[in-house]
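Undergrad: Below is the structure I would like to discuss, written out as structure tokens.
The values are calculated or read from the model by the stated rules, or taken from the named source; none is laboratory data. A quick note: this is a predicted structure, and the numbers were derived from the prediction, not measured. With ideal geometry, Cβ positions are generated from the backbone for all residues, glycine too; neighbour counts draw on all protein chains shown.
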Amino acid sequence: MSDSHVDATTEEEFTPRGTIAVVGLFVASLVLLWMSIYLILIARGVTI
Amino acid sequence: MTETHSEEAPSFEADPFEKRWMVISLGLLIAFMLTVTIAGFALGFQVPGSETRVDPRTVADSAPWSEPGLRDRGNGEYDAYVISKQYTFDPRTITVPVGSAVTFFLTSTDVQHGFKLQNTNVNMQVVPGEVSKLTVEFDEAGEFDYICNEFCGAGHAVMSGSVVVEAEAGGA
Amino acid sequence: MLTQESVYEVTQQDRRFVGAHLLVAIAALSVGSLFGPLQAFEWSGLDLYGLLEPIGLGDYYKGLTIHGVLNALVWTTFFITGFFTLVMIAGLKRPLRYPGLNRAGFYTMVVGLVMAAIPILTGAASVLYTFYPPLQASWAFYLGLTLVVVGSWIEGYGFYLTMAEWRRDNPHTRSPFIVLAALITMVMWQIATLGIAVEILTMLLPAALGLIDGTDPELGRTLFWFTGHPLVYFWLLPAYLSWYGMLPKQAGGKLFSDTLARLAFWLFLLLSIPVGFHHQFADPGVPVGWKYIHSILTYGVAFPSMLTLFTVVASLEYAARKRGGQGLLGWIRALPWGNPVVSAQLLAGILFMFGGIGGITNASYSVNLVIHNTAWVPGHFHLTVASAVTLSFFGISYWLIPYVTGKPLWKEKWATVVNWTWFVGMMIFSNAMHVLGLLGAPRRTELGQAPYVPDEWSGHLFRMSVGGAILLVGVALFVVIAARTAFQKERFGPGEGVEFPIAVSMRDPQLTPLWLDRFKPWLIATVVLIVVAYGPQLFEQFSNASFNSPPISP
């Protein structure tokens, strides 16, 4: 875990850097797309 | 609990990054939930709820459903009673002045229908035996189609109507 | 006594039994899929139903019912029960405890399928696969569907009894992850289908037989969606099983965390069911408070999927780095994309990320009003059931069919073509559907007949039909590959063949806590949560039920 600069090939050293990147991309898309639909809701006006 | 083959005892272990991801994803979901909670319960972007029950066989025989259409409640507020049936809405056209707040009441005398008022958030399931209710404010003049968006039989696709929002004619 | 060291060879009979499931599943897929593109073409102005009129298939909604029932219910249920049968046998390394029981379950499903197919094909059940009352189909449709569900229950009982015997012989060993995953899925399905069972047995079937004059449509909706949402997890969890328990091995790595894989599946058992009101946000007859509570719980069931994202991607990254993958994202290229078993599941996973984003949107209480009953919804579930699930099942088929037939996969490269075709077609199709939904296009509507279609939609309608055409090519090629593989003369030679894929966990599963390997606490919690989240409103709707909505044939 200490040296994350080296691409790990054994379980002990394996740090899921790429996974964090993929998950980060997912979160960015999620927030962006979700917010855009939420804003459509707001733009279409209240229902009460 | 000591029934393990290795010297280590069983325990709940997760990768430190994965633990952080668990916290982040829960935080994200909570943030989204708070956002929709505010929209729904404080800002007036609310879903339909439980209204009165009716008998679908006789509902059209008595008021208010015996005379579907618009009721002026004053102050620019209207109630619109719309009956859904295969394959038409009654009435098919509703005309209101711009700036009106219209509360739609819908019920069905046969099968399930949908009522989606285009370009607004009014989108309701119309179910025999129930009354669906939502309100919309028309701030701009124009024509808003309402369409049946629940399958109701062979002629489902033609089932639609429209709200005509007229610019203030006599006044301003 | 069998011990865990014992080696059990999967028999010819086992293989044939699994193969019979796959045969029905793929046959259903091949017929059901023909109607999808027809619908897409109709929407974009190319109405081909006239050509099908002479063979009695000219009705849009009959075709839509066939598409939904065969693809979403039959293809999935038969594939899943067949796949799970092998997971139980090969995972526990022992035969089914009562093979006759599982056979009885399978034949019950087949009888049910035939019984439901007859009214569907004769036009006596054009009620779509949600069959909302008071739309009325023939009694045979409801009884047939009931038998399919009951048959799947019986196959589940066969699995439970097999597991019970294994547990007696191995009291201290953690159950194999894939077996636990299959069992959790079947138990969840067992509980979830009680809703639809009550709906059919108390309302729809009696009404179809003329025993009662009417139904309570809102109660019907509540009961349907008690089953309807967990149904999508019944489809999805077998794909997750493969992503967690097989794909790491197929990609050349290990399962990143056995502990979290199990936790995710238990959370699915707990949270899949008490979320149904998020399909009824736009309903009358359900108080806003219950809708809101189910919205929160639906967000809860998104959590194990987010866990899955991390664990599965980390397992894949580990495999890729072992294969020499470099860089923050460059490792993705080092995955064995040339292996169609792997690429199908990778592409399914990518499509499912978008499906997940759409799903969280659908669950978001009043945000749902933007998309309820619009084309967005089929756009969404084509990313779930028709991508995450179906494309993963394609990938599983590429080893499973060779495994059960003893014949090598016919033209492996073409299988890769299927995967990419499906991926590209679905990207185009589902994106167009989502956009159309946001513009207001209704779902399940013969749109070519509709008077309210604005010009604004036409570009997206065209795009959607292009996607549909590409998907048709993909599925046709898949069916050809499956059939050519199964019915070819060539067999595996000695020493050749397919290994049953089981991914090893990085940490010894024996170190996973015992509470992640025991049904009792999770079952109790599941039942309690269902009672809390559904009990009061179900009681309310049952005690105020009025069966006064007369049945109407569409």
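Undergrad: Applying the selection to the stretch C:505-528, what residues are more than 9 Å from chain B (Cβ to nearest Cβ) and β-branched (Val, Ile, Thr)?
TA: The answer is C:Ile524, C:Thr526, C:Val527, C:Val528.
Undergrad: Moving on. Would you check which residues across the stretch C:510-554 are touching a residue at least 60 places away in the same chain (Cβ under 8 Å) and assigned to a loop (DSSP other than H, G, I, E, B) and list them?
TA: Within the stretch C:510-554, C:Thr512, C:Pro513, C:Asp517, C:Ala545, C:Ser546, C:Phe547, C:Asn548, C:Pro550, C:Pro551, C:Ser553, C:Pro554 qualify.
Undergrad: Can you tell me how many residues within the stretch C:492-524 are within 17 Å of C:Trp410 (Cβ to Cβ) and surrounded by 13 or more Cβ atoms within 10 Å (Cβ to Cβ)? Explain how you work it out, then say what you get.
TA: Pass one, the stretch C:492-524, residues within 17 Å of C:Trp410 (Cβ to Cβ): C:492-493, C:496-498.
Of the ones still in play, those that are also surrounded by 13 or more Cβ atoms within 10 Å (Cβ to Cβ) are C:492, C:497-498.
The qualifying residues number 3.
Undergrad: For the structure I just gave you, tell me whether C:Ala432 is assigned to a loop (DSSP other than H, G, I, E, B), touching a Leu at 6+ places or on another chain (Cβ under 8 Å), more than 14 Å from chain B (Cβ to nearest Cβ) and of a type in the set (A, V, I, L, M).
TA: Against the criterion (assigned to a loop (DSSP other than H, G, I, E, B), touching a Leu at 6+ places or on another chain (Cβ under 8 Å), more than 14 Å from chain B (Cβ to nearest Cβ) and of a type in the set (A, V, I, L, M)), C:Ala432 does not qualify.
Undergrad: Another question, if that's okay. Filtering the stretch C:315-364 down to residues that are of a type in the set (D, E, K, R) and assigned to a helix (DSSP H, G or I), which residue is farthest from the other protein chains (Cβ to nearest Cβ)?
TA: Start the filter on the stretch C:315-364 by keeping residues that are of a type in the set (D, E, K, R), which leaves C:317, C:321-323, C:333.
Subsequent filtering for residues that are assigned to a helix (DSSP H, G or I) retains C:317, C:321-322, C:333.
Details: C:Glu317: 4, C:Arg321: 5, C:Lys322: 6, C:Arg333: 11 Å.
If we take residues in the stretch C:315-364 being of a type in the set (D, E, K, R) and assigned to a helix (DSSP H, G or I), then C:Arg333 is farthest from the other protein chains (Cβ to nearest Cβ).
Undergrad: If you take the residues in the stretch B:84-110 that are of a type in the set (Val, Ile, Thr) and within 14 Å of chain C (Cβ to nearest Cβ), which one is nearest to C:Asp283 (Cα to Cα)?
TA: Looking only at the stretch B:84-110, we keep the residues that are of a type in the set (Val, Ile, Thr), and these are B:88, B:93-96, B:98, B:102-103, B:107, B:109.
When the remaining residues are screened for being within 14 Å of chain C (Cβ to nearest Cβ), the result is B:88, B:93, B:103, B:107, B:109.
Numbers: B:Thr88: 20, B:Thr93: 24, B:Thr103: 16, B:Thr107: 11, B:Thr109: 16 Å.
By that ranking, first place goes to B:Thr107.
Undergrad: Right, here's the next one. Quick one: which residue in B:Pro10, B:Pro56 is surrounded by 14 or more Cβ atoms within 10 Å (Cβ to Cβ), free of Cβ contacts under 8 Å to residues at least 24 places away in the same chain and assigned to a loop (DSSP other than H, G, I, E, B)? Walk me through it before giving the result.
TA: Values: B:Pro56 fails: free of Cβ contacts under 8 Å to residues at least 24 places away in the same chain.
The unique qualifying residue is B:Pro10.
Undergrad: If you don't mind, there's one more thing I want to ask. On the given criteria, is B:Glu130 of a type outside the set (Ser, Thr, Tyr) and more than 23 Å from A:Gly45 (Cβ to Cβ)? Let's see the steps before the verdict.
TA: Working: of a type outside the set (Ser, Thr, Tyr): yes; more than 23 Å from A:Gly45 (Cβ to Cβ): yes.
In short, yes.
Undergrad: Please go through the stretch B:37-53 and pick out each residue that is crowded, with 19+ Cβ neighbours inside 10 Å, within 12 Å of chain A (Cβ to nearest Cβ) and out of contact with any helix residue (DSSP H, G or I) (no Cβ under 7 Å at 6 or more places or on another chain).
TA: B:Pro48
Undergrad: Select from the stretch B:13-34 the residues that are small (Gly, Ala, Ser), surrounded by fewer than 12 Cβ atoms within 10 Å (Cβ to Cβ) and closer than 19 Å to C:Ala264 by Cα and list them in ascending order.
TA: Of the stretch B:13-34, the ones small (Gly, Ala, Ser) are B:14, B:25, B:27, B:31.
Next, from what is left, pick out any that are surrounded by fewer than 12 Cβ atoms within 10 Å (Cβ to Cβ): B:27, B:31.
B:Gly27 - this is the single residue of the stretch B:13-34 that is small (Gly, Ala, Ser), surrounded by fewer than 12 Cβ atoms within 10 Å (Cβ to Cβ) and closer than 19 Å to C:Ala264 by Cα.
Undergrad: Tell me which residues, restricted to the stretch C:448-478, are out of contact with any Ser or Thr (no Cβ under 9 Å at 6 or more places or on another chain) and closer than 19 Å to C:Tyr49 by Cα.
TA: Once the filter is applied, which keeps residues that are out of contact with any Ser or Thr (no Cβ under 9 Å at 6 or more places or on another chain) and closer than 19 Å to C:Tyr49 by Cα, the stretch C:448-478 yields C:Gln449, C:Ala469.
Undergrad: For residues that are touching a residue at least 24 places away in the same chain (Cβ under 8 Å), within 9 Å of chain B (Cβ to nearest Cβ) and either over 13 Å from C:Ala264 (Cβ atoms) or not in a helix (DSSP H, G or I) (or both), tally how many sit in the stretch C:291-313.
TA: Total meeting the criteria: 4.
Undergrad: For the stretch C:318-334, which positions are crowded, with 22+ Cβ neighbours inside 10 Å and either in contact (Cβ under 8 Å) with a residue 60 or more places away in the chain or under 24 Å from C:Phe500 (Cβ atoms) (or both)?
TA: Result: C:Tyr318, C:Ala319, C:Ala320.
Matching residues to (1) within 22 Å of B:Val59 (Cβ to Cβ); (2) at the interface with chain C (Cβ under 7 Å from one of its Cβ atoms):
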{"site": "B:Gln112", "(1), (2)": "yes, yes"}
{"site": "B:Gln118", "(1), (2)": "no, yes"}
{"site": "B:Val126", "(1), (2)": "yes, no"}
{"site": "B:Ser132", "(1), (2)": "yes, yes"}
{"site": "B:Thr135", "(1), (2)": "yes, no"}
{"site": "B:Glu140", "(1), (2)": "no, no"}
{"site": "B:Phe151", "(1), (2)": "yes, yes"}
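Undergrad: Within the stretch A:7-22, work out how many residues are at pLDDT 70 or above and facing chain C (nearest Cβ under 7 Å).
TA: Filtering the stretch A:7-22 down to residues at pLDDT 70 or above leaves A:13-22.
Imposing the further condition that a residue be facing chain C (nearest Cβ under 7 Å) reduces the set to A:14, A:16-19, A:21-22.
So the answer is 7.
Undergrad: Same structure, new question: Has the stretch C:41-59 got any residue that is under 23 Å from C:Val479 (Cα atoms) and under 16 Å from the mean Cα position of the chain (by Cα)? Before you say what the answer is, go through the steps one by one.
TA: Start the filter on the stretch C:41-59 by keeping residues that are under 23 Å from C:Val479 (Cα atoms), which leaves C:41, C:48, C:52, C:55, C:57.
The next check asks that each one be under 16 Å from the mean Cα position of the chain (by Cα); those that pass are none.
No: the stretch C:41-59 contains no residue that is under 23 Å from C:Val479 (Cα atoms) and under 16 Å from the mean Cα position of the chain (by Cα).
Undergrad: Could you name every one of the helices (runs of 4 or more DSSP H) located completely within the stretch C:32-119 that has at least 2 residues being crowded, with 18+ Cβ neighbours inside 10 Å? Walk me through how you get there before you give the answer.
TA: Values: elements: C:49-52, C:60-67, C:76-92.
Filter on the stretch C:32-119 gives C:60-67, C:76-92.
Undergrad: Which one of these is part of a helix (DSSP H, G or I), closer than 27 Å to C:Val275 by Cβ and more than 17 Å from the chain's Cα centre (by Cα): C:Val417, C:Val367? Outline the logic, then answer.
TA: On the way: C:Val417 fails: closer than 27 Å to C:Val275 by Cβ.
None of the other options fit; the residue is C:Val367.
Undergrad: Within the stretch B:63-90, count every residue that is surrounded by fewer than 17 Cβ atoms within 10 Å (Cβ to Cβ), in contact (Cβ under 8 Å) with a residue 40 or more places away in the chain and in a loop (DSSP other than H, G, I, E, B).
TA: Residues flagged as surrounded by fewer than 17 Cβ atoms within 10 Å (Cβ to Cβ), in contact (Cβ under 8 Å) with a residue 40 or more places away in the chain and in a loop (DSSP other than H, G, I, E, B) within the stretch B:63-90 amount to 1.
Undergrad: Okay, moving on. Of everything in the stretch C:205-230 that's of a type in the set (A, V, I, L, M, F, W, C) and farther than 19 Å from C:Ser295 by Cβ, which residue is nearest to the chain's Cα centre (by Cα)?
TA: Of the stretch C:205-230, the ones of a type in the set (A, V, I, L, M, F, W, C) are C:205, C:207-209, C:211-212, C:219, C:223-226.
Those still in the list that are farther than 19 Å from C:Ser295 by Cβ too: C:205, C:207-209, C:211-212, C:219, C:223.
Working: C:Leu205: 25, C:Ala207: 29, C:Ala208: 28, C:Leu209: 31, C:Leu211: 34, C:Ile212: 33, C:Leu219: 25, C:Leu223: 19 Å.
For the stretch C:205-230, the residue satisfying everything is C:Leu223.
Undergrad: Take the residues of the stretch C:204-225 that are of a type in the set (A, V, I, L, M, F, W, C) and part of a helix (DSSP H, G or I): which is surrounded by the fewest Cβ atoms within 10 Å (Cβ to Cβ)?
TA: So in the stretch C:204-225, the residues of a type in the set (A, V, I, L, M, F, W, C) come out as C:204-205, C:207-209, C:211-212, C:219, C:223-225.
From the residues that got through so far, the ones that are part of a helix (DSSP H, G or I) too are C:204-205, C:207-208, C:219, C:223-225.
Working: C:Leu204: 31, C:Leu205: 18, C:Ala207: 23, C:Ala208: 23, C:Leu219: 25, C:Leu223: 26, C:Phe224: 24, C:Trp225: 24.
Among those residues, the one meeting the criterion is C:Leu205.
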